[in-house]
Every structure is written in C-alpha cells, then in structure tokens.
Amino acid sequence: MKELGTMFVQACNAFSENTVVLHDGEGGALVFDPGMSTPSEWAEFDASLRARGWSPKAVLMTHAHLDHVLGCAGMVERYGLHPQLLAEDEPTYEMAPRAAELYGVPMEPLPELHPNRLKDGQILTFGTLSLRVHWTPGHAPGHVVFVDDQNQRVVGGDVLFKGSVGRTDLPGGDPATLTKSIERVLFELPDGFEVWPGHGPSTTIGQEKQGNPFVNAAGTGMMQVGG
Ligand SMILES: [Zn+2]
C-alpha cells in the first residue's frame, strides 16, 4: 500500500488491480475500482480508512472489467455505496460474472448500479475535491478517467500505464480508439500531471509522451500494435 497523504492505493486480487482512494478534503473518501477480493484485502482496506478517519462517500468506476469490480458487492455491504459508471460500460459490468467463470475467479453477485450514471465532460464535486470525468474508450467501451486539476493527478484506469497501454483484445477494445483517447484526453494535460493507473506504478504525462513505446511520441496516433 502506498501512503500519499491525500490518497492511497491498494493493489488487490489475483490481477494486482490498483484500488485508488482519494480524500475529499472533508473526511470523505472516493473509492475508485474497488478490487478487494479476500478477507485480508478487506481488512487492509478498512484499516487504511479507519487509520485516516476517512469515510467512503462514493464508488466510482473507470470501467467494469472483472478485476476492477471484485469489491463492488463488499462496498455495498460495508458502506452502502453502489458503483457509478458510464452507461457505455454497463455491458462490461453485465459481462463480469461470465468473465469470473472463465478465469475461475470467485465473485459475489454484483450489486445494482448507482441510479446516476457518470457523464462524459461532467464535473464531480465531493468536499473540496473537483474531478473532471472524460470518456476514454479503446480498452473498454465505457472507460473514463478522472482528472483532478487542483492536485495535478489522474485516476486513469487501464488506458495509459507506465511504459505501456491497456490491452485492446477484450470485447469493445480497439487500438486506434485507445490511441485517440490517450492523445485527446491525457496528452492534452500538462507534463507534470501524475497518472495513477489500474495496474503497476504511477507515471507522469511528460514521461509517457517521451518514452511510451506504444504511443508515438510525435503524436501522430501510430500505435505499435502487437509489439
Ligand atoms: Zn480493464
């Protein structure tokens, strides 16, 4: 687990999925992509919140792939919070139990979604925190990223990784669309913005613009597919 003052990240489940938690500045916490899947992962998560005195206010989904939704039922049971996602990713959410079967991963039945869907271009406000929601398809059809301009950080899900990008071979994935999403949304941000991805360590926009082997640094949109 990473200690970062106004946020923490807990790697969860067999897929090492990063569950990201942001403090809202007023004692609340936003939980992104809850992946907690075992009693010990839940114990760590609950203890991390308790130690900081943060209480969860919302469960926000970058997208609904299996590894990102494994803790959704638990967030409803423990905290009464239903997951919010973009309408375009509802089919992904509905497919997750089938994916769990295919991967042989035990999963509690998924809860009802929150009645409100996320919207492309929406600004979410919790406490003193404002987040811009941007639709970034290509890895999953309804994938979004959450941009925190004030703290120069992005909850990025599986779009852009340190030195890599999200896979595009799952249903609704498409490499050209993913490249466009990265250029249109993420590479428009200042170089210093830190991206917290769904897997692996954080990175910055500047680092990935320069060195990401999957996205052409000249910004022509050429992705080295299959490389
Ligand atoms: Zn994914």
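The values are calculated or read from the model by the stated rules, or taken from the named source; none is laboratory data. What you see is a predicted model; the values in this text were computed from it and never measured. Here the Cβ positions follow ideal geometry from the backbone for every residue, glycine too, while neighbour counts run over all protein chains shown.
A few remarks follow.
- Residues satisfying the stated conditions in segment 45-77, i.e. closer than 18 Å to F8 by Cβ and either surrounded by fewer than 16 Cβ atoms within 10 Å (Cβ to Cβ) or modelled with pLDDT under 95 (or both): D46, A47, R50, A51, G53, S55
- Taken over segment 148-163, the residue count meeting the criterion of being away from the ligand (no atom under 13 Å from the Cβ), more than 12 Å from T62 (Cβ to Cβ) and either charged (D, E, K, R) or in a strand (DSSP E or B) (or both) is 4.
- Hey, L85 buried (at least 23 other Cβ atoms within 10 Å of the Cβ), under 23 Å from D191 (Cα atoms) and modelled with pLDDT of 95 or more or not: no
- Subset tally (residues that are out of contact with any helix residue (DSSP H, G or I) (no Cβ under 8 Å at 6 or more places or on another chain) and either part of a helix (DSSP H, G or I) or away from the ligand (no atom under 14 Å from the Cβ) (or both)) for segment 72-106: 21
- Qualifying residue in segment 16-38 (condition: at pLDDT 95 or above and assigned to a helix (DSSP H, G or I)): no
- Annotation note: of P111, P171, the sole residue that is modelled with pLDDT under 95 and in a loop (DSSP other than H, G, I, E, B) is P171.
- Members of segment 187-211 found to be within 16 Å of the ligand (Cβ to nearest atom) and not in a loop (DSSP other than H, G, I, E, B), listed by number: V195, W196, P197
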